[in-house]
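The values are calculated or read from the model by the stated rules, or taken from the named source; none is laboratory data. Everything numeric in this text was worked out from a predicted model, so none of it was measured. Glycine gets a Cβ as well: all are built from the backbone with ideal geometry, and neighbour counts include every protein chain shown.
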Amino acid sequence: MLNKLETLRKQRDITQEDLAEILDVSRQTIISLEKGRYNPSITLAFKISRYFKIPIEEIFMYEEEDL
Amino acid sequence: MKKSSNCSLWILGMILGLVLFLTPLIMIQSGQGSPSKIIQIIFLFIGCSLFVFSLLMLMNSQIKSGKGAKKYNAELKDERNIIIRYKAGYITNIVMIIFLAVIAFILLLLNYLMPAILLAIALILQSATLLFLSYYFNKRM
């Protein structure tokens, strides 16, 4: 699953550490999310969506291959 | 004050555990007559358990206090870390089952029947528990 997390974070000018603290996850999780190695749970996806005030589907791009 | 007294308690537990662990060994070395096997095993078991328990409690109290507490809690509750722990635990479990089965087989070949049987029973119980819990959580979630 592709995502725009890194772009959105850089637009807001916040560090991975800060975002991790806001979302209550580890910095390593943010790194893995940005690199597309890890797909978030629905709860974390909602938290990200609410923080950036953007719908989930605009942050995470679902691909058929993800099945 | 309370934290410091807790630390002292765990350090005391570690020292006591070490003393209990070393007592039968020192008695044998100093020639004061070796204690019976059962007493040796009891001392070693209690000493070892007390030492490990106190050490873990001391580490836990150190981690949960001070600056690292918030970071520790975040790391502990982090969903990715939880998945990693589940995966690592699952793979470790499978590897240990295979490893213990090999040991049971070797014991059987060496004619150590009782240890082999006990190990086989433990393995069967472990596998049965795994299946039972999987079924239980399958129905609950």
When you look at A:Ser49, is it surrounded by 14 or more Cβ atoms within 10 Å (Cβ to Cβ) and more than 14 Å from chain B (Cβ to nearest Cβ), yes or no?
-> yes
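Would you be able to say whether some residue in the range B:58-73 is more than 30 Å from A:Asp18 (Cβ to Cβ), exposed (fewer than 12 other Cβ atoms within 10 Å of the Cβ) and at pLDDT below 90?
We begin by selecting, within the range B:58-73, every residue more than 30 Å from A:Asp18 (Cβ to Cβ); these are B:58.
Checking which are exposed (fewer than 12 other Cβ atoms within 10 Å of the Cβ) leaves us with none.
Looking through the range B:58-73, none of the residues is more than 30 Å from A:Asp18 (Cβ to Cβ), exposed (fewer than 12 other Cβ atoms within 10 Å of the Cβ) and at pLDDT below 90.
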Go through the residues of the range B:82-92 one by one and say whether even a single one is among the charged types (D, E, K, R) and more than 23 Å from B:Asn60 (Cα to Cα).
-> yes
Among (1) assigned to a helix (DSSP H, G or I); (2) surrounded by 15 or more Cβ atoms within 10 Å (Cβ to Cβ); (3) within 14 Å of another protein chain (Cβ to nearest Cβ); (4) not aromatic (Phe, Trp, Tyr), which single condition is A:Asp18 missing?
-> (2)
Answer yes or no: is there a residue in the range B:85-107 that is within 14 Å of chain A (Cβ to nearest Cβ), among the β-branched types (Val, Ile, Thr) and surrounded by fewer than 13 Cβ atoms within 10 Å (Cβ to Cβ).
-> no
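For the range B:42-91, enumerate the residues that are under 19 Å from A:Val25 (Cα atoms) and in contact with a helix residue (DSSP H, G or I) (Cβ under 8 Å, 6 or more places away or on another chain).
Initial filter on the range B:42-91 (under 19 Å from A:Val25 (Cα atoms)): B:63-64, B:67-87.
Scanning the range B:42-91 gives B:Ile63, B:Lys64, B:Ala69, B:Tyr72, B:Ala74, B:Glu75, B:Asp78, B:Glu79, B:Arg80, B:Asn81.
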Going through the range A:24-42 in order, the residues found to be at the interface with another protein chain (Cβ under 7 Å from one of its Cβ atoms) and acidic (Asp, Glu) are A:Asp24
Could you figure out which of (1) under 18 Å from B:Ile82 (Cα atoms); (2) surrounded by 18 or more Cβ atoms within 10 Å (Cβ to Cβ) isn't true of A:Ile59?
-> (1)
Which number in (1) in contact with a helix residue (DSSP H, G or I) (Cβ under 9 Å, 6 or more places away or on another chain); (2) surrounded by fewer than 15 Cβ atoms within 10 Å (Cβ to Cβ); (3) more than 30 Å from A:Val25 (Cβ to Cβ) marks the one condition that B:Ser30 misses?
-> (1)
